[in-house]
Structure formats: C-alpha cells, structure tokens
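The values are calculated or read from the model by the stated rules, or taken from the named source; none is laboratory data. Please read all numbers here as calculations on a predicted model, not as lab measurements. Quick reminder, even Gly has a Cβ in these numbers, built from the backbone with ideal geometry, and neighbours come from all protein chains shown. Quick note on the areas: whole protein, heavy atoms, side chains included, nothing else; ligands and nucleic acids left out. Shrake-Rupley method; radii C 1.70, N 1.55, O 1.52, S 1.80 Å.
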Amino acid sequence: MAEKLAPEKRHTFYHGSQKVFEWDQTLDEVNLYINLPNGVPTKLFYCKIQSKHIEVGIKGNPPYMNHDLSSPVKTDSSFWTIGTPFSFLGILT
C-alpha cells in the first residue's frame with residue numbers, strides 16, 4: 001500500500017533563517033531529525049514523548065522543543081536515539 005512506503009524526501013522547519021528540525025512521514029509514522037550542538041555530551045540530551053506532547057532538550061536548560069501534538073501517538077512504540085550528527089525521533093501515530 002502506498003501509505004506504507006518510505007517517504008520520498010525530508011522536509012525542513014525553519015524559525016527565521018535557522019533550521020530547527022527536519023522530518024519525514026508516512027500515514028503511520030513521523031520521523032524528526034534534530035541537529036545536536038557541538039561540544040555537549042550526549043548523556044545531557046533528553047526526549048520525553050507523551051501521548052499528545054513532545055519535549056526535547058539539554059538537561060538543566062529550557063527545552064529546545066516543547067510542543068503539544070495535534071493527535072495522540074503510540075508512546076509504547078515511539079522512541080528516540082542519538083546518532084551523528086543528529087538526534088532521531090521515531091513517533092508512531
């Protein structure tokens with residue numbers, strides 16, 4: 001089925017001229033890609049995925065991303081991981 005196929009390309013969200021994150025999606029899944037700042041130890045990053053809310057940041061600082069989601073997601077199937085040079089969030093709708 002077409003809705004299960006891999007996304008054709010990533011989309012980019014900008015705030016002014018600064019790239020905030022990239023994403024791709026199917027009808028069942030949304031993947032977010034966030035560039036991590038240089039020099040910050042990976043163990044200081046956190047991601048909290050709730051049914052209708054997502055929060056990403058560096059411990060001890062205000063969240064980088066702190067948003068309500070438009071629809072509930074499957075938190076037990078959602079995950080995040082850190083790779084080079086970005087953090088990846090897999091969110092199942």
**Message:** List the residue pairs whose Cβ atoms are under 6 Å apart, where the first residue sits in region 49-64 and is free of Cβ contacts under 8 Å to residues at least 40 places away in the same chain, the second is among the polar types (S, T, N, Q) and not in a strand (DSSP E or B), and the two are 6 or more positions apart or on different chains.
**Reply:** 51/75
**Asked** Would you pick out the residues in region 71-87 that are open to solvent by 40 Å² or more (accessible area, probe 1.4 Å) and of a type in the set (Gly, Ala, Ser)?
**Response** 71, 77
**Item:** Criterion violated by residue 57 - all others in (1) out of contact with any Ser or Thr (no Cβ under 9 Å at 6 or more places or on another chain); (2) farther than 19 Å from residue 90 by Cβ; (3) not hydrophobic (A, V, I, L, M, F, W, C) satisfied
**Value:** (2)
**Message:** So in region 1-28, with the set limited to residues that are among the acidic types (Asp, Glu) and at pLDDT below 85, which one is surrounded by the most Cβ atoms within 10 Å (Cβ to Cβ)?
**Reply:** 28
**Request:** State which residue pairs qualify: first residue closer than 25 Å to residue 76 by Cα and in a loop (DSSP other than H, G, I, E, B) and inside region 23-41, second residue hydroxyl-bearing (Ser, Thr, Tyr) and open to solvent by 60 Å² or more (accessible area, probe 1.4 Å) in any location, beta carbons under 8 Å apart, and separation of 6 or more residues or different chains.
**Result:** 27/93; 28/93; 36/42
**Selection from region 43-70 of residues that are assigned to a strand (DSSP E or B), over 21 Å from residue 14 (Cα atoms) and open to solvent by 40 Å² or more (accessible area, probe 1.4 Å)** = 46, 48, 50
